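Accompanying notes for the structure given below.
Read-outs throughout are calculated quantities, based only on the coordinates presented, and are distinct from any laboratory measurement. Quick caveat: nothing in here was measured; it's all calculated off a predicted structure. Don't worry about glycine lacking a Cβ; one is built from the backbone with ideal geometry, like all the others, and counts go over all protein chains shown.
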Amino acid sequence: MGVLVWGVPMVIATGGVGAYLDALSSQAGEDFSGVEMLATGFSVRELAFSVIDTFVLPWADVRLAAVVLVAAGIGAAVCSCGTARRSCWWAWRPRPTSSFTCCFRRR
């Protein structure tokens, strides 16, 4: 329902499906051109910056990030010692989001 409430007026306002898809592809091209991100040019340097930007900088202090990441690692290890179902859900749940964030974070 929400897609219809948002999508139909958007398609009408842009002049139809073709015009909307043209605008969408143009915007996507602009988003990926001229910026450094892991998805558009892999290098070890970009990987290191991406990991730091994703897991350390949100905590604003390297020491706080270290405490949080160690606690998260301990929590994942404890969950993986439990039942297989629980370990798959809790230990690996954030993995797709973290991977996406690392690959598409702009520098």
So if each residue of separation counts as 0.36 nm, and I subtract the Cα-Cα distance between residue 23 and residue 43, what length gain in nm does that give? 4.1 nm
Mind giving me the nanometre distance, one decimal, between the label points for residue 62 and residue 13, set 7 Å out from Cα along Cα→Cβ? 4.5 nm
Label-point separation, residue 70 to residue 51 (7 Å along Cα→Cβ), nm: 1.8 nm
Vicinal HN-Hα couplings computed from phi for the range 31-40 (Karplus, 6.51 cos²θ - 1.76 cosθ + 1.60; Hz; Gly/Pro x): 5, 9, 9, x, 10, 8, 8, 4, 6, 9
